[in-house]
Ligand code: DC
């Protein structure tokens, strides 16, 4: 079974997907962590981020794995390093590279060959798993999303800077040539602006019939 969840940054997708996966006793698959992991590798190895060819060559040979819901880069669990501002900033343009998306999508599909998942991202309901049994699109205003990120206390940026960064990423994510963020026709749309995480989970669980 695949439960697919898409939506822009800061809508609570990861938190919600994790809770739903726990409730259903299946795997939480965070697709953004693959783009973030590749970005971390590129930065660590000082690959020119303007050179698509180099980026692709690098990504193709990168040892990237997903074990116990954590991203493993060259054998190292790097999950705790993936939400630094610098990774958030660079992962968005890097994820716009079409061939790089194919590399990530192949890895995501491979994981679901053996297990049921709750997978969240930007193009999960539309491109990666268009035949997913359950599809959801989580949304919220950029004001609310920036407030949530700010309150998490994981960023060094001010509220206004976070809001601007979120809007910049939205712009890139919605205008990608392939895998752009959009609402699948058959997805349940949930505006989370005024909802708690528990309320969002309740709506999603209410739609899933086991
Ligand atoms: O969900 P996230 O913020 O961790 O994702 C990090 C970046 O990766 C984000 O800028 C968009 C991109 N991404 C994507 O293009 N497609 C996905 N399925 C997931 C994430």
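Every read-out reported here was derived from the displayed coordinates using simple, explicitly stated rules and does not represent laboratory data. This is a predicted model, so every value here is computed, not measured. Cβ placement follows ideal geometry from the backbone for every residue including glycine, while neighbour counts extend to all protein chains displayed.
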Label model pair residue 209, residue 98: point-to-point distance (7 angstrom along the Cα→beta-carbon line) in nm is 4.0 nm
Residue 111 and residue 80 label points (each 7 Å along its Cα→Cβ direction) are spaced in nm at 2.0 nm
Extend 7 Å from the Cα of residue 133 along its Cα-to-C-beta direction; within segment 179-209, residues with backbone N under 14 Å of that point are 205-209
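Based on the Cβ-Cβ distance from residue 156 to residue 1, what FRET efficiency comes out when R0 is 30 Å, to the nearest 0.05?
That pair, residue 156 with residue 1, gives E of 0.15.
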DSSP beta bridges in the chain: the antiparallel percent, rounded to 5, is 25 percent
Dividing the helical contributions, -39500 (n - 2.57) per DSSP H run of n ≥ 4, by the residues of the chain yields a 222 nm value, nearest 500 deg cm²/dmol, of -15000 deg cm²/dmol
The base-10 log of I(q)/I(0) that the Debye equation returns for segment 132-210 at q = 0.18, 0.25 Å⁻¹, one scatterer per C-alpha, is -0.90, -1.18
Given a Förster distance of 22 Å, the FRET efficiency implied by the Cβ-Cβ spacing of residue 50 and residue 177, rounded to the nearest 0.05, works out to 0.80
Expressed in µm² per second, the diffusion coefficient of the chain from the Stokes-Einstein equation, with Rh the Kirkwood radius over alpha carbon pairs, at 37 °C and 0.692 mPa s, is 189 µm²/s
